[in-house]
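Worksheet for the structure shown next.
Each reported figure results from applying straightforward, stated rules to the coordinates on display, with no laboratory input. Not measured: the values here are computed from a predicted model. Glycine also receives a Cβ, built like all others from the backbone with ideal geometry; neighbour counts cover every protein chain displayed.
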């Protein structure tokens, strides 16, 4: 696994090719900030060479987690390079300067979220349908290329001047689908085994991925770490939440703590449109998008065919909406401009303005915009150019020439006021208002403020810069970014913890996988070694059997042995005949010599005749001997051949039995080894499963403890903020009491004036109707009565003041106590929701562990059953083979014996003659060269017979 490169390193050619080498400050001018977030800031800019208007997203990769920031930048650039579609933001290049990446894209007027911010009311259904249709086309393109956006929300759906819808902000996108990361914005969230962008937007990533968390997050994304993968349908869920946001101005659960929103999404039913004014088409579309089970949720291609987006609508619906929004932005900027001009005018003529009238404050509040006067975000010299330029270029078209002259005279004439340190806030304010009107020379944020030139010279810039974002929006984004740093840091810590948990689980899984592979390889090698040794043994046995089966010369040796015996017998017979002939001859001669009466001639004839008889008899005996020897030789050779045949058959049977027994033994040993291997694998699998489940349980316990800690810190922070607010209310109470007292005083003054007028009228009437002598008494009586009534009024005034003071204090205490009670109930509900979610996760984890254990047991049992079945089949096959080979051998041997006996009978040898020869065993005179097994086999054969 390759290690990530150091932040900003371009040593890798593949990474270096992602960035252009030029200095972006020389290529782009007129930078004006139009957006701000945790990633950095977005600027309007103009290309110096082509004068093309572009948007530049500046992302720093220095400071904490610099390597992660650098990897996020690389991932987003790679993603933007791969996509090209009319409904996705067009990528123009990326540059590096001073540890900051300048991501250059096409310029858009603003987002769907800005429409809600400006109009302060939901969009019309036909407008929502047009925006949704464009977003769906972009999503269908991404999903068709196995990409997931993972952060669909109104703020990431941009609009161009011609009314085209563009998907933007691919920092959370995934190039691979399905993915398994915990990523997104909890209200339209995408979780990646990872988390969030806005105060409710965490980021948890798996090295190369990251995204915000919000209530737009799909349930399967929140549960991705525990339940596996998800695909492009998470964007469909987020689009459904975005539709609710456009229809109701806020997404569901928007006011809920981000983490609590996630727990709520994972446990409760899908949200739905609340108002009854929407059509059934819209309701069905939102319900389809927000199907909780991904398999029930349609994909983007299917939703493009939905009646909600296919219904006819005017082509200019978005163009008209954009124009109305620009007009509204112009009116808001006009209001802010006139308010600021009034303050500047009073400041220039009467000195610093101490207090803004309540009516103006309330009016500004009604517009929904925030004045940047006195804001710390406005103090840096020209950084205000970003936020101040974020209004429509056509702002204040109805400003009169007199107003412009007055403003210019103020800005050019009264330099003492502008440079006075006591009114240091007025300097950026002046620059702010001039820039709002397009009267200031556009410049980069770092350049010093230029003297305000005449207005006509820069009206041309209004043609190039247009937006539907109000000036207060960027300022508020910057303020929220600073105020929510504690929450963001908490979320960042949670993200790092989840990422670390992810890495630990992956490292353990990889380690166990390597251990399993090594163990399996070792067992396979052991089995292969045993099989090879068995093959060698069988080969040796076969060679041994081949050596034993060589009977070619045995018959010839046996024949030579008998022929040698017969030759000796013939020689002995001939010698005995010669002796017998000589002896007989001598006897005949003695007989002739004794018989003297027989003539000699007769004796000679008789002797010759006797000799011929003897010779003839001996010749016949010799012929009989040769015939008997030949018959004996043929019989013995035939018997020997049969004995050899029987012996060979016995040897073949013995050899076959030995080979089959050897194979049986080897099979038994192999099966015993397979069973040992199965037991070994089973033990390792259970041990590894226990290790993974133990680590998972430990990580979940740490995660839950961290979530509880974060929730408690969040509760303390909310309580601390509420106490701070109450302290401010108490501190500001004297001012409000003074105002109330002044109102009561004015009422009593009016009462006193009325009584005085009534007293004068009564006095004149009495003086006219009474004699002149009684005038003094009447005047005295009237004076006493007036004094008494004024004393009563004074007492009532004191009572009213005291009653007002006690009532206001009581109301403040009651209101603060009620706020505390509401906050405590809300925090308690969120804590209970967290506990319920954690309990559910714990139960799901335990159920998952039990399910994994049962599945492993089932797999092991099935594998054991298959192994035993395989062993049984192999043993049965071996037994069948054994029976078949024995049967084949016996049948062949029987055929060979039958054929031999048939041939013997054809040659004139009876079966009995072959079975019972002259001796039952080999005679002692048999040559010792005959194999012993022939002797033993022959002896065994005849003994058995």
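Taking each pair of distinct Cα atoms in the range 640-711 once, what is the resulting Kirkwood hydrodynamic radius in Å? Mind showing how you got there, number by number?
Values: mean 1/r = 0.0560 Å⁻¹.
When all Cα pairs of the range 640-711 are included, the Kirkwood radius is 17.9 Å.
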Ranked by Cβ crowding within 10 angstrom, fewest neighbours first, how are 752, 243 ordered?
752, 243
I'd like the distance separating the alpha-carbon centroids of the range 736-751 and the range 311-343, in whole Å.
41 Å
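How do 44, 345 line up, fewest other C-beta atoms within 10 Å first? All intermediate terms of the calculation are to be shown ahead of the outcome.
Working: 44 25, 345 16.
Fewest to most other Cβ atoms nearby, the residues stand as 345, 44.
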Convex hull (Cα only) mean projected area of the range 474-610, reported in nm² to one decimal:
18.1 nm²
Shape box of the range 580-626 [Cα atoms, principal axes, largest first, Å]:
41, 17, 9
How far apart, in nm, are the 7 Å Cα→Cβ label points at residue 616 and residue 595?
1.8 nm
Check: C-alpha center the range 97-165 vs C-alpha center the range 644-722, spacing in Å is 51 Å
Cα extents of the range 1-129 along the three principal axes, largest first (Å)
52, 38, 30
So what's the range 682-833 giving for Cα Rg divided by 2.2 N^0.38 Å, two decimals?
2.37
Find the centroid of the Cα atoms in the range 812-830 and in the range 501-573, then give the distance between the two in whole Å.
89 Å
Determine, for 601, 716, the number of other Cβ atoms within 10 Å of each Cβ, and report the residues in order from fewest to most.
601, 716
Shape parameters for the range 524-669, alpha-carbon atoms, Rg then Dmax in Å:
32.0, 112
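How would you order 29-37, 150-158 from highest to lowest mean count of nearby Cβ atoms within 10 Å? Intermediate values should be presented prior to the final figure.
Working: 29-37: 22.1, 150-158: 28.3.
The most tightly packed comes first, giving 150-158, 29-37.
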Simple SL model, points at 7 angstrom along Cα→Cβ for residue 781 and residue 732; separation in nm is 5.5 nm
Evaluate the distance, in nm, between pseudo-label points positioned 7 Å from the Cα of residue 742 and of residue 684 along their respective Cα→Cβ axes.
8.6 nm
